[in-house]
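Here the structure comes first, spelled out in structure tokens, and everything after it is commentary.
The values are calculated or read from the model by the stated rules, or taken from the named source; none is laboratory data. None of these values were measured; they are calculated from a predicted model. As a convention, Cβ positions derive from the backbone with ideal geometry for all residues, glycine included, and neighbour counts pool all protein chains shown. Each accessible area value is taken on the protein alone, full model and side chains, heavy atoms only, with ligands, DNA and RNA left out. Shrake-Rupley method; radii C 1.70, N 1.55, O 1.52, S 1.80 Å.
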Amino acid sequence: MKAETLLYAIGGVNEDFVADAAVAPGRRHPWMRWAAAAACLCLVVGGGLLWLYQMGYLTASCGGAIGTLVGEDYYFHSPHYGICVYGEGETTLLVSDLTRWDSAWFADEYGIYYTGADKRTLYVRIHDTGETEALYVASSDWTHAGIEAVTEDGVYFHLYNKEEGVSAVVLVNPRTGDTETVNGPESYEDMSVTVLYHVGEREIAVTEQLGNVVSVTENGATIDLGEQYALGSLYGDNLYAGDSLLFQRWVETEERTVCCCTLLRPDGSNLLIEDFEVLGGNDDYLFGYAYDESLDGYDTASLYAYALDTGTVTLLLEDYGMEEVAVSGSLLYTTAPWASSTDCYTLSVEQGVLTAEKITTLE
């Protein structure tokens, strides 16, 4: 389960239920009311702790999340220490002031981007120099901000004013320091965010509103991905499968719900893949969940590989239970839901068969 899913689950209480619960059928003595409240609290806390324990949230320490591969260097967030990099068999701590488990950050070839403790400052730690700079400081008109996306054009920094219910997006170029307001200010509900992605020589404009993709265009022409689709995760490498831009959607058929994805490829083609839920990929394979008739659903306990050249699906890791993957070349990183560690595998092809060999575990 992703962190945001858990947060929504905790907060997802129907207001009608609260209103109905507030209407008492008759007068009760005060001691009965407090006794009932105490009993309910014990049930809620006890039941909640039992559920968290059964789901592994209490035993997994702080939940980690998949990191980002830049070449052969793997950048990841350790809830206890901060942002680290793993490469050539060593782990190095780079940013020590991001220790919260839900800290948001990005990494690319230039540096590591993150929001400061004041929630309004965008920082970058530059790989080449090791220095940290403040790229952008939002004015006091904004109460907080976060990183929307990072592309070749720069960092899309999303600004919010919680009191007034408005937001805007500023594009910050980390190399030059130039800034440009690309969206807003508008109300939360009316605000649409457009991000420009580069796929080879192709420039793909993706517009989202309230977290849903509303249009995908190339040179002003609409790319039809179906009625229901969602952009791959904006956090980490799942957005790209190698150099291809990945979109995924669930399609209702008469028999069942089918997972479909579309790859916008650098050569100008668009590849449609059905019955495979993608978690990540490189230029040769997609990795994710395959449909299993015996389960009457997708096998989310194992990791499968989809060969892009042949369309062949093979079992790669069995009974693992991973939720996210990051792939670059021959390196594959996986993490299980709310696990505090990440496993690293090296990929190789032997007699035409793709295999994965575990080489380390990072925490």
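Rounded to the nearest 0.05, what FRET efficiency is calculated for E90 and Y188 with R0 set to 41 Å and r the Cβ-Cβ distance? Spell out each step's value before the answer.
Numbers: r = 44 Å, r/R0 = 1.06.
The formula returns an efficiency of 0.40 here.
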Notebook entry, point to check: Which whole-Hz ³J(HN,Hα) couplings does the range 157-163 yield from phi under the Karplus relation 6.51 cos²θ - 1.76 cosθ + 1.60, θ = phi - 60°, glycine and proline marked x?
Noted result: 9, 9, 9, 9, 10, 5, 5
Check: Ignoring ligands and nucleic acids, what accessible area does D243 show with a 1.4 Å probe (Å², nearest 10)?
Finding: 90
Item checked: Spin-label pair N270/V213, simplified geometry with 7 Å Cα→Cβ offset, distance in nm -> 1.0
Next item on the list: Note down the nm distance, to one decimal, between modelled labels 7 Å out along Cα→Cβ at E254 and at D296.
Entry: 1.9
Notebook entry, point to check: Pulled fully out, how much extra length does the chain show between H144 and A221, if you take 0.36 nm times their separation in residues and subtract their Cα-Cα distance?
Noted result: 24.3 nm
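Accessible area, 1.4 Å probe, largest first: how do R120, R249, R175 sort?
Numbers: R120 60, R249 35, R175 145 Å².
Correct descending sequence by accessible area is R175, R120, R249.
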Checklist line | Candidate residues T207, T253, T334: accessible-area rank, largest first, probe 1.4 Å | finding: T253, T207, T334
Next item on the list: Just the number, please: carbon plus sulfur as a percent of the accessible area of the range 80-219, 1.4 Å probe, no ligands or DNA/RNA counted.
Entry: 41
Check: What is the magnitude of the charge dipole of the range 304-363 about its Cα centre, with +1 placed on the Cβ of each Lys and Arg, -1 on the Cβ of each Asp and Glu, and no other charges, expressed in debye to the nearest 20?
Finding: 100
Next item on the list: With a/c under 1.5 counting as rounded, go ahead and sort the range 280-345 into rounded, prolate or oblate using the C-alpha gyration tensor (a ≥ b ≥ c being the square roots of the eigenvalues; past the cut-off, prolate if a/b is larger than b/c, else oblate).
Entry: oblate
Checklist line | Span from the the range 323-363 Cα centroid across to the the range 112-176 one, whole angstrom | finding: 31
Next item on the list: Could you calculate the contour length gain from S330 to T361, that is, 0.36 nm times the residue separation minus the distance between their Cα atoms, to one decimal place in nm?
Entry: 9.5 nm
Check: Put +1 on the Cβ of each Lys and Arg and -1 on the Cβ of each Asp and Glu in the range 73-150; which of H144, L122, A107 then has its Cα farthest toward the positive end of the dipole?
Finding: H144
